[in-house]
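Input: a single structure, listed below in structure tokens.
The values are calculated or read from the model by the stated rules, or taken from the named source; none is laboratory data. The structure displayed is predicted, hence computed values, not measured ones. Backbone-built Cβ (ideal geometry, glycine too); neighbour counts: all protein chains shown.
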Amino acid sequence: MKQQMLDHFAKVFGEADGAEVFFSPGRVNLIGEHTDYNGGHVFPCALTIGTYCAARKRADRKLRFYSVNFSGRGVIESSLDELRPDKAAGWTNYPKGMMWAFAQRGMKMDCGLDMVIFGNIPNGSGLSSSASVEVLTGAALRALYGFEVSNQDLALIGQYAENNFNGVNCGIMDQFAVAMGKKDNAIFLDTNTLQFEYAPVVLDGMKIVIACSNKKRGLADSKYNERRSECETALAELQKVCEIKALGDLTEEAFERYKGAIKSPVRLRRARHAVYENRRTVRAVEALKNNEIGRFGKLMNDSHVSLRDDYEVTGIELDTLVEAAWKIDGVVGSRITGAGFGGCTVSIVKEEAIDTFTAQVGKAYLEKIGYAADFYVVEIGGGPQKL
Ligand code: GLA
């Protein structure tokens with residue numbers, strides 16, 4: 001892949017002398033959805049698929065970007081003096097957001113760069129292609145400009161860029177999962193304290209299968225921000241009757257005791273999801289550690305139901321994929337993964353059932369939704385690296 005990226009670079013920018021190549025993964029969340037901005041736990045893992053870039057410093061302040069995936073857009077030019085979000089700049093708002101966020105932390109680039117990027121994460125699928133590009137850019141800036149930042153810093157800077165440059169009020173999960181990924185391990189992260197622990201995912205004779213709905217995630221960002229503010233209002237209501245800093249501080253019992261303080265039934269359901277999903281995530285990690293994979297799968301299924309009925313982020317597309325998966329022998333668990341409103345599901349499937357899974361879930365989806373879903377058998381990979 002290194003040589004391929006250098007070849008792309010040479011094709012776009014003349015020659016590739018002195019260009020360096022980097023990789024950063026995508027991620028899938030196994031359980032713990034919409035808990036990361038509620039002070040709860042998440043359990044994502046990095047994937048072996050992700051984004052690659054070849055990058056080289058320039059002598060002037062120009063920035064030139066080219067994506068192999070969006071080759072029709074050609075080279076997109078900007079400069080270090082124009083680090084502002086700009087709709088017309090498309091995907092380059094992610095690397096530019098990182099450059100801006102580095103500068104906010106006092107790490108100013110003294111010259112521009114040329115960058116060619118290529119990703120093999122299905123586009124817009126909810127497998128964190130944007131966090132992957134952010135962490136990728138951070139890893140490239142660190143190496144090319146000698147900035148001293150840890151991988152955990154890359155995650156925090158990435159989230160800062162996403163929140164303040166790209167206008168999505170996301171939590172820390174995606175950038176953390178991408179920046180801190182470890183082969184064959186998922187990351188059990190307490191988003192309240194950023195304490196985390198790696199948990200080996202030993203799937204004997206089973207695989208992680210992603211089903212991509214191919215639904216365009218039109219209003220996803222605004223609906224995401226709306227869920228977030230519903231949770232913030234519910235938290236403020238609960239804080240009138242109990243001392244908590246985040247919804248993730250509550251056990252189910254405490255929530256049931258205090259929930260009367262939440263004045264709208266919609267907010268009550270949102271908060272209930274946040275509290276129960278957090279507890280479910282803690283239990284799921286326990287189950288995995290005890291090698292109780294069946295219990296882990298059941299908690300994945302419960303997570304989907306809660307995201308469908310209480311949090312209302314699944315939609316007919318993801319519900320169709322998951323409900324078809326639940327009917328198949330050999331499916332240990334299946335749920336929405338990521339923010340929702342389109343995107344993907346994640347399932348744990350026995351190896352001998354994978355063909356049946358893709359055939360039957362694919363058929364049910366096509367019949368009900370009218371266009372095809374895509375399926376990917378994925379592996380858990382490591383964090384960002386220089387190739
Ligand atoms: C998106 C956000 C994450 C997280 C998930 C939902 O992926 O970027 O921070 O909130 O949605 O769990």
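When we screen 189, 156, 194 for residues that are within 20 Å of residue 33 (Cα to Cα), surrounded by fewer than 16 Cβ atoms within 10 Å (Cβ to Cβ), within 15 Å of the ligand (Cβ to nearest atom) and not hydroxyl-bearing (Ser, Thr, Tyr), the only hit is 194. Evaluation of residue 43 against the conditions (1) more than 30 Å from residue 267 (Cβ to Cβ); (2) buried (at least 23 other Cβ atoms within 10 Å of the Cβ); (3) among the aromatic types (Phe, Trp, Tyr); (4) under 19 Å from the mean Cα position of the chain (by Cα) shows that the sole unmet condition is (1). Selection of segment 174-194 for residues being closer than 24 Å to residue 143 by Cα and in contact with a strand residue (DSSP E or B) (Cβ under 7 Å, 6 or more places away or on another chain) yields 174, 176, 177, 178, 180, 181, 182, 183. For segment 86-138, a residue qualifies if it is outside any loop (DSSP other than H, G, I, E, B), over 20 Å from the mean Cα position of the chain (by Cα) and at pLDDT 95 or above, and the qualifying residues are 99, 100, 102, 103, 104, 113, 114, 115, 116. Does residue 254 fit the bill of being assigned to a helix (DSSP H, G or I), crowded, with 21+ Cβ neighbours inside 10 Å and out of contact with any Gly (no Cβ under 6 Å at 6 or more places or on another chain)? No: the conditions fail for residue 254.
Residue by residue, here is whether (1) touching a residue at least 12 places away in the same chain (Cβ under 8 Å); (2) part of a strand (DSSP E or B); (3) crowded, with 19+ Cβ neighbours inside 10 Å holds:
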| residue | (1), (2), (3) |
| --- | --- |
| 349 | yes, yes, yes |
| 352 | yes, no, no |
| 355 | no, no, no |
| 361 | yes, no, yes |
| 367 | no, no, no |
| 372 | yes, no, no |
| 377 | yes, yes, no |
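Which residue out of 234, 325, 284 is closer than 18 Å to residue 42 by Cβ, surrounded by 18 or more Cβ atoms within 10 Å (Cβ to Cβ) and of a type in the set (A, V, I, L, M)? The unique qualifying residue is 284. Can you confirm whether segment 286-298 contains a residue that is within 16 Å of the ligand (Cβ to nearest atom), within 21 Å of residue 210 (Cβ to Cβ) and not polar (S, T, N, Q)? No; the residues of segment 286-298 include none that is within 16 Å of the ligand (Cβ to nearest atom), within 21 Å of residue 210 (Cβ to Cβ) and not polar (S, T, N, Q). The selection criterion, being under 16 Å from the mean Cα position of the chain (by Cα) and either in a helix (DSSP H, G or I) or surrounded by fewer than 18 Cβ atoms within 10 Å (Cβ to Cβ) (or both), does not hold for residue 210. Within segment 17-33, being of a type in the set (Gly, Ala, Ser) and near the ligand (Cβ under 10 Å from one of its atoms) holds for one residue alone: 32. Across segment 168-180, the number of residues qualifying as under 17 Å from residue 126 (Cα atoms) and part of a loop (DSSP other than H, G, I, E, B) comes to 5.
None of 186, 234, 179 is farther than 19 Å from residue 281 by Cα, within 14 Å of the chain's Cα centre (by Cα) and not hydroxyl-bearing (Ser, Thr, Tyr) except 179. Residues in segment 176-213 that are polar (S, T, N, Q) and in contact with a helix residue (DSSP H, G or I) (Cβ under 8 Å, 6 or more places away or on another chain): 191, 192, 213. If the condition is being more than 16 Å from residue 171 (Cα to Cα) and either modelled with pLDDT under 95 or in a helix (DSSP H, G or I) (or both), then segment 236-251 contributes 236, 237, 238, 239, 249. Can you confirm whether residue 385 is surrounded by fewer than 18 Cβ atoms within 10 Å (Cβ to Cβ), farther than 27 Å from residue 197 by Cα and touching a helix residue (DSSP H, G or I) at 6+ places or on another chain (Cβ under 8 Å)? Spelling it out, it is not the case that residue 385 is surrounded by fewer than 18 Cβ atoms within 10 Å (Cβ to Cβ), farther than 27 Å from residue 197 by Cα and touching a helix residue (DSSP H, G or I) at 6+ places or on another chain (Cβ under 8 Å).
Okay, residues lined up against (1) aliphatic (A, V, I, L, M); (2) under 11 Å from residue 31 (Cα atoms); (3) at pLDDT below 95:
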residue: 276; (1), (2), (3): no, no, no
residue: 280; (1), (2), (3): no, yes, no
residue: 319; (1), (2), (3): no, no, no
residue: 329; (1), (2), (3): no, no, no
residue: 332; (1), (2), (3): yes, no, no
residue: 342; (1), (2), (3): no, no, yes
residue: 351; (1), (2), (3): no, no, no
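Taking segment 34-47 as the range and being touching a helix residue (DSSP H, G or I) at 6+ places or on another chain (Cβ under 6 Å) and either within 11 Å of the ligand (Cβ to nearest atom) or under 14 Å from residue 299 (Cβ atoms) (or both) as the test, the residues that pass are 35, 36, 37, 38, 40, 41, 42, 43, 44. Just to be sure before I move on: is residue 76 at pLDDT 95 or above and within 22 Å of residue 7 (Cβ to Cβ) in the structure I sent? So residue 76 passes the test. Given the criteria touching a residue at least 12 places away in the same chain (Cβ under 8 Å), closer than 26 Å to residue 258 by Cα and not hydrophobic (A, V, I, L, M, F, W, C), does residue 237 qualify? Against the criterion (touching a residue at least 12 places away in the same chain (Cβ under 8 Å), closer than 26 Å to residue 258 by Cα and not hydrophobic (A, V, I, L, M, F, W, C)), residue 237 qualifies. Annotation: residue 227 fulfils all but one of (1) surrounded by fewer than 20 Cβ atoms within 10 Å (Cβ to Cβ); (2) touching a residue at least 24 places away in the same chain (Cβ under 8 Å); (3) of a type in the set (Lys, Arg); the unmet one is (1).
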